[in-house]
Every structure is written in structure tokens, then in C-alpha cells.
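Quick note: the coordinates plus some simple rules give every number you see, no bench work behind them. Just so it is clear, the model here is predicted, and its values are computed rather than measured. Every residue, glycine as well, gets a Cβ built from its backbone with ideal geometry; the counts of neighbours run over all protein chains shown.
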Amino acid sequence: MFRVSYLGGDMPTFALNFSRPGAQVLLQFYLFLRLGFEGYATVQRGLQKVALHLSHGIGAMGPFELISDGSDLPVFAWRMRPGYTENWNLYHLSDRLRMHGWLVPAYPLPDDMSDRTVQRIVVRAGLSLDMADDLLDDIRTEVSYLDKLQSPMPIEGTGPGFHH
């Protein structure tokens, strides 16, 4: 057994490939059969539209630099701009967003780049543009709060705080 940092949390595992049960794959196949190619493509285009809306909103914020924008898959990631601030990091933002009910984990990249922290959003069915706007508003609110700090947030224990 060994421990991995997965989606911002520390998790014990025996798996070598981080495999999960196949129910989600079966559900995707069912939806594809039920909706047909055009219906499924319409759903995926909607998810991509939300991902692009969110990524452009986050990318326009001063502290952040996009790593990807969701234009290929409805998934994107960002990091703090180097040198933006010493008073807070993405773990602090993740904690602040959790107070609003959003689970946007911050986690380190794999071993060779483990000194870099990112946040990632996977847009799933049900995340509407209105909800995306609410998330962007909450991110702006918390960035504003964190930017007003006069001294650094505590960093002891700062790290993956998402538990599986």
C-alpha cells in the first residue's frame, strides 16, 4: 500500500492505475444510446460552453494563470501567477470556496513538479451557466478577501485538505 495525492486529498491505495468501478462508463454508454449521437454531442457542447465561460472568467482575474481552458474537454486548470502574493495560496482559496459549498480542490502536481499547486474544475452535467456565474462571483469575493490580508495566512498544515 502507498499514499497518493489525488484531487487535493491524501488517499491510501493498492491500485497501480487508480482504477475505479465502471458504472460511470456504463452510464455514459447508456446516455449515448438513449440520446443518440446528436443528443449526446449537444450535451457535451453545453458542458464545454460552461467550462470555457468559467475558464475565461478565472483567467481574467489578476492572481491566476490558466494551464488549460476547457476547449478540448470540459476540464480546465489554473495556478497562481508567480510572485502574485505571499499572503495566500490556492489551498487558502479552496478552503474559502468550501465555505460557500464549492469543492474546488487545490493539489500539487506529480513528483517532478510537486512544488507547483493547481486548482482544477471538471464541468459535469447539471452545472449551468447561472451556477458558473455564482461560482465566479464567489471566487472574486474570496480573492478580494484574501488580497486584503495584511499578513500571510497560516501555512502550517496547509496542503491537501480534501478527504475521500
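In this label model, Asp137 and Leu27 are separated by 2.8 nm, measuring between points 7 Å along each Cα→Cβ vector.
P(r) tail for the range 23-147: Cα pairs beyond 26 Å make up 27% of the total. What the phi angles of the range 30-42 give under the Karplus curve with 6.51, -1.76 and 1.60, with θ = phi - 60°, is a coupling list of 4, 4, 4, 5, 5, 8, x, 4, 5, x, 5, 4, 5 Hz, glycine and proline written as x. Where the centroid of each part is defined by its Cα atoms, how far is the range 87-104 from the range 48-74 in Å? Distance between centres, Cα-based: 17 Å. Measuring from a point 7 Å past the Cα of Leu35 along Cα-to-C-beta, which residues in the range 68-82 have an amide N at less than 14 Å? Backbone N within reach: 74. Spin-label model, Gln44/Ala60: points 7 Å from Cα along the beta carbon direction are separated by 2.8 nm. Sorted ascending by nearby beta carbons within 10 Å, beginning with the fewest, Ser68, Ser144 become Ser144, Ser68. Computed over the range 12-96, the Cα gyration tensor eigenvalues convert (square root of 5λ each) into semi-axes of 32, 21, 9 Å, ordered from largest to smallest. The mean sequence separation of alpha-carbon pairs under 8 Å and at least six residues apart, normalised by the residue count of the range 23-147, gives a relative contact order of 24 percent.
Computed extension length for Ala125-Leu73: 17.4 nm, one decimal, from 0.36 nm per residue of separation with the Cα-Cα distance subtracted. A full extension of the chain between Asp115 and Met153 corresponds to an added length of 11.8 nm, given 0.36 nm per residue minus the alpha carbon distance.
By the count of neighbouring beta-carbon atoms within 10 Å, fewest first, Phe76, Phe29, Phe37 end up ordered Phe37, Phe29, Phe76.
For the range 104-156, the square roots a ≥ b ≥ c of the C-alpha gyration tensor eigenvalues yield an a/c of 1.5 or more together with a/b not exceeding b/c, which makes the shape oblate.
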